[in-house]
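Trainee: One structure, as structure tokens, below. Some questions next.
The values are calculated or read from the model by the stated rules, or taken from the named source; none is laboratory data. Since the model is a prediction, treat every value here as computed from it, not as a measurement. Cβ coordinates were reconstructed from backbone atoms using ideal geometry, including for glycine residues, and neighbour counts include every protein chain displayed. Surface areas here come from the heavy atoms of the whole protein model, side chains and all, with no ligands, DNA or RNA. Shrake-Rupley method; radii C 1.70, N 1.55, O 1.52, S 1.80 Å.
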Amino acid sequence: MQKDILIKYILGIADNSLILGQRLGELTGHGPTLEVDIAMTNISLDLFGQVRSYFQYTAQLSEEDKTEDDFAFLRKEREYINVLLVEQPNRDFGYTIARQFLFDHFHFLFLNELQNSKDKTLVAIAKKSLKEVSYHRRFSSDWIKRLGDGTEESKRKIQIAINDLWRFTEELFHQTNADVEAIKEGIGIDTDKIKAKYLENVSEVLAEAMLEKPDLKFFQEGGKKGIHSEHMGYLLNDMQYMQRTYPGMKW
Amino acid sequence: MSEQEVKNLEEIFEQKIARDEKIEPKDWMPEKYRKTHIRQMSQHAHSEIIGMLPEGNWITRAPSLRRKVALLAKVQDEAGHGLYLYSACETLGISREELYEQLHTGKAKYSSIFNYPTVTWADMGAIGWLVDGAAIINQVPLCSTSFGPYARAMVRVCKEESFHQRQGYEIMLTLCRGSEEQKQMAQDALNRWWWPSLMMLGPTDDASTHTEQSMKWKLKRKTNDELRQQFIDQTIPQADILGLTIPDKDLKWNEETGHYDFGEINWDEFWQVVKGHGPCNKERLQTRVDAWENGAWVRDAAMAYSEKKAAKKVQKAS
Amino acid sequence: MSDNKKNWPLWEVFVRSKNGLEHRHFGSLHAADEEMALENARDVYTRRSEGVSIWVVQSKNITASNPEENGEMFEPAADKVYRHPTFYDLPDEVKHM
């Protein structure tokens, strides 16, 4: 398989973890309890760990002399290809948990399939990450139930967050050209195959949480093509602050 | 209990401590011991939690993935350390919520150094190197303090903190081996954090109110001035390796004493910050209050859910 | 929102650091229910691979002896030296007993 296409395929996976990890990193020190604060930072650390594995691999694949940090910090906004879901802001704990929940269930099924990839490095990363993401999924699903079946206020808040973020779920399954190529080669994951299971798993938790599954006809997409929400620029402003202010230095 | 009986108990209690025996939460203890411990342990816990904020300020802007995970893990450790220390307090019959209340209303104090802003990336280096360095000097002796839960919490804290100072020093080292601009950034951070770090070890012995009693209870093994001297003596060679200049023109090796002499500390500034008028006192406290208040509905939801679940279990069983 | 605010109860955490060793008291934490207590214990107390098994129990469910009764509870055991091997005199020729 062409290296640049493989790199693009891997970036499509890695960018999700990168941007979600970055969002969670904003919350360290601001959690509703110390215990939850620590738990969410753990998720962020897991995601950044995965990102490093992916980017070390793309750096190795790249023809140019690149490092993991070049991939993380030195691209333009249009070159990041994470889904819109993961860049959505931490409006409140409900949004943070809803975003995590909707992503974790996808992430789990995705990594589960990625274990069958023909690319041995991706298989190794998938195997290690799957254990982490199983725990993320458990954590966020438990919280969906607590908030959904907690107080009147929490039920209202988490339902609003789910309704609001649902429009980004369709994009999780979209396939870019690189995705299609990778699938053809037996390296990539055919996301069509996990969509039904995703909806089933998510619905099950929502039902148990006494929450409504949104009934939506219109969905938002763009992240995978590098067309992001307006939040993304500000996120990158923070993330790339040092690289932009002090170009070319080692830290 | 008669006055004489209390006196006898106190005597037995003090002898126990003198013999290096530990005091456990349910043991009899003088009211003053209990109060002093709640005060010191909670101040310590608050310092950890407030201390997350100046470094948390750079998590989203950390300049490499390696630095980012290290910083995240460090700030997370601070949350853990706060948690261990609040737990130690709770063994004395005060709840974490009450302790938060004291923090949020400004009744409780925390280490004044966290009221300074982190303005450049080099501040992450300076905090790890200097602030954690000073903290370690303060904390290591507490691993053998007389109150069991405090001593055990400190053993865990010290074990986990061993990477914190190295993390900071490595950041400084990288800056000092980098470009001229980076080295200046490191020097600037040292200039701003040096004096507050010295203040962090507490007022001078003649101005310190608690020292004698604290020594007896092993809440302190050395005086503030001794700790400060130890910190200065061990930090200066580290600054030399970095090639940085300590911002104190009176700093000089004293052959006679075998220690460094150093300049006058601006104690007016120290007391000003302690009393709430440092550059970030208001912001730090407000951030904590906001986190707590914004989290109220989340905590309530989890309790309500747990009660519903418990009720269902009872229903099923009957 | 509920009017009578209830705080998350306190839990004690016991961790087995590796198989073959007993669970040891590691500390405490707050959690609303037992799943959360387990998860919090995992996140707070095993971040550095400190454990392979966790027990959590709500602190209020622990019954503890009272140190004021330590005299009657524990001191009577102090003079029962015959429970210890050194109480028994054997000739040096008898080894390993």
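Trainee: Take the cross-link list A:K127/B:K74; B:K249/B:K282; B:K74/B:K308 and give me the ones stretching past 31 Å between alpha-carbons. Show your work: numbers first, answer last.
Mentor: On the way: A:K127/B:K74 27 Å; B:K249/B:K282 33 Å; B:K74/B:K308 37 Å.
In this structure, B:K249/B:K282; B:K74/B:K308 exceed 31 Å between Cα atoms.
Trainee: For chain B, what is the mean residue ellipticity at 222 nm derived from helices alone (per DSSP H run of n ≥ 4: -39500 (n - 2.57); sum divided by total residues; nearest 500 deg cm²/dmol)?
Mentor: That comes out to -21500 deg cm²/dmol.
Trainee: Mind checking how much accessible area B and A bury in total, 1.4 Å probe, in Å² rounded to 100?
Mentor: Protein heavy atoms only, the B-A interface buries about 4100 Å².
Trainee: Let me ask you something else. Stokes-Einstein at 10 °C, 1.306 mPa s, Kirkwood radius from Cα pairs: D for chain C in µm² s⁻¹?
Mentor: 91 µm²/s
Trainee: Set Lys and Arg Cβ to +1 and Asp and Glu Cβ to -1, take the dipole of the protein assembly as shown about its Cα centre, and tell me which of B:P141, C:I62, B:L130 lies farthest positive.
Mentor: Of the candidates, C:I62 comes out farthest on the positive side.
Trainee: Let me ask another. Given labels modelled 7 Å from the Cα in the Cβ direction, how far is it in nm from B:T105 to A:K66?
Mentor: According to this spin-label approximation, the distance is 5.7 nm.
Trainee: To continue, here is another question. Please give the length that would be gained between B:Q272 and B:L9 if that part of the chain were fully extended, namely 0.36 nm times their separation in residues minus their C-alpha to C-alpha distance (nm, one decimal).
Mentor: 90.6 nm
Trainee: Peptide A:232-238: average number of partner chain Cβ atoms within 10 Å per residue?
Mentor: Mean shielding by partner chains, rounded to a whole number: 1.
Trainee: Just grab the label-to-label distance for A:M1 and C:H84, each label 7 Å out from Cα along the Cβ direction, in nm (one decimal).
Mentor: 7.0 nm
Trainee: Counting only Cα, what are the radius of gyration and maximum Cα-Cα distance Dmax of the range A:85-160, in Å?
Mentor: 14.8, 49
Trainee: Further, regarding this structure: In terms of Cα to Cα distance under 17 Å, which lysines are near enough to A:K225, apart from those fewer than 8 places away along the same chain?
Mentor: Counting by Cα, and skipping residues close in sequence, A:K225 has these lysines nearby: A:K8, A:K76.
Trainee: What residue among B:E24, B:E307, B:E170 has the largest mean-square fluctuation in a Gaussian network model of chain B, using Cα springs under 10 Å?
Mentor: In this elastic network of chain B, the residue with the biggest mean-square fluctuation among B:E24, B:E307, B:E170 is B:E307.
Trainee: Which residue fluctuates most in the GNM of chain B (Cα springs below 10 Å): B:A73, B:A134, B:A45?
Mentor: B:A73
Trainee: Go ahead and run the numbers for FRET between B:K282 and B:S208, Cβ-Cβ distance against an R0 of 45 Å, rounding to 0.05.
Mentor: 0.95
Trainee: Give, to the nearest whole percent, the P(r) tail of the protein assembly as shown beyond 32 angstrom, counting all Cα pairs.
Mentor: 57 percent
Trainee: To continue, here is another question. Please give the FRET efficiency for B:R166 paired with C:V94, using the beta carbon to beta carbon distance and R0 = 45 Å, rounded to the nearest 0.05.
Mentor: Values: r = 55 Å, r/R0 = 1.22.
Taking R0 as 45 Å, the efficiency between B:R166 and C:V94 is 0.25.
Trainee: Please list 3J(HN,Hα) in residue order for the range C:14-24, calculated via the Karplus relation 6.51 cos²θ - 1.76 cosθ + 1.60 where θ = phi - 60°; whole Hz, with x for glycine and proline.
Mentor: 3J(HN,Hα) across the range C:14-24, in whole Hz: 10, 10, 8, 7, 7, 4, x, 9, 7, 6, 10.
Trainee: Right, here's the next one. In µm²/s, what is D for the range A:3-245 at 25 °C and 0.890 mPa s, where D = kT/(6 pi eta Rh) by Stokes-Einstein and Rh is the Kirkwood radius from Cα pairs? Numbers along the way, then the final one.
Mentor: Numbers: Rh = 18.2 Å.
Answer, rounded: 135 µm²/s.
Trainee: A further question follows. Which of the aspartates and glutamates could a cross-linker bridge to A:K66, judged by Cα under 15 Å and excluding same-chain residues fewer than eight apart?
Mentor: By straight Cα distance, A:K66 reaches A:D4.
Trainee: Counting only protein heavy atoms and using a 1.4 Å probe, what share of the accessible area of the protein assembly as shown belongs to carbon plus sulfur, as a whole percent?
Mentor: The value for the protein assembly as shown is 51 percent carbon and sulfur by accessible area.
Trainee: Say we join alpha carbon atoms closer than 10 Å with springs in a Gaussian network model of chain B; which of B:D268, B:D225, B:D20 then has the biggest fluctuation?
Mentor: Of B:D268, B:D225, B:D20, the Gaussian network model singles out B:D268 as fluctuating most.
Trainee: Continuing with the same structure: Tell me the per residue accessible area of the range A:3-245 using a 1.4 Å probe; a whole number in Å² is fine. Mind showing how you got there, number by number?
Mentor: Values: 9610 Å² over 243 residues.
Per-residue value: 40 Å².
Trainee: How are the alpha carbon pair distances in chain B distributed across 20 Å bins from zero to the largest one, expressed in percent?
Mentor: Values per bin, smallest distances first: 28, 54, 16, 2, 0.
Trainee: Rg and Dmax of the range A:137-216, Cα atoms, in Å?
Mentor: Rg, Dmax (Cα atoms, Å): 15.5, 50.
Trainee: Compare B:K220, A:K193 by solvent-accessible area with a 1.4 Å probe and give them largest first, with all protein chains kept in place.
Mentor: A:K193, B:K220
Trainee: What dipole magnitude, in Debye to the nearest 20, does chain B give about its Cα centre under +1 on Lys/Arg Cβ and -1 on Asp/Glu Cβ?
Mentor: Dipole magnitude for chain B comes out near 1660 debye.
Trainee: Let me ask another. Are there any residues in the range B:97-114 with a reduction of at least 30 Å² in accessible surface when going from the isolated chain to the assembly of protein chains? Probe 1.4 Å, please list them by number.
Mentor: Buried-area filter returns B:E97.
Trainee: Of B:T36, B:A291, B:L9, whose Cα points farthest to the positive end of the dipole of chain B (charges on the beta-carbon: +1 Lys, Arg; -1 Asp, Glu; origin at the Cα centre)?
Mentor: Selected residue: B:A291.
Trainee: Quick one: Karplus J couplings for the range C:90-97, per residue in order, coefficients 6.51, -1.76, 1.60, θ = phi - 60°, nearest Hz, x for Gly and Pro?
Mentor: Couplings: 10, x, 4, 4, 7, 9, 6, 10 Hz.
Trainee: Any idea which of A:G21, A:M232, A:A182 is furthest toward the positive side of the dipole for chain A, if Lys and Arg beta-carbons carry +1 and Asp and Glu beta-carbons -1?
Mentor: After comparing all options, I get A:A182.
Trainee: For each pair in B:K22/B:K107; B:K109/C:K60; A:K128/C:K18, compute the distance between the two Cα atoms and list the pairs where it is over 25 Å.
Mentor: Table pairs above 25 Å Cα-Cα are B:K22/B:K107; B:K109/C:K60.
Trainee: Same structure, new question: Helix A:34-61 sits at what angle to the longest principal axis of chain A, using alpha carbons and giving 0 to 90 degrees rounded to 10?
Mentor: The answer is roughly 30 degrees.
Trainee: So how strong a dipole does the range A:3-245 carry about its Cα centre when Lys and Arg Cβ are +1 and Asp and Glu Cβ are -1, to the nearest 20 debye?
Mentor: Numbers: 32 positive and 40 negative charges, 56 e Å.
Dipole size: approximately 280 debye.
Trainee: Treating only the Cβ atoms of Lys and Arg (+1) and Asp and Glu (-1) as charged, compute the dipole magnitude of the range B:228-279 about its Cα centre; round to the nearest 20 debye.
Mentor: Dipole of the range B:228-279, to the nearest 20 debye: 240 debye.
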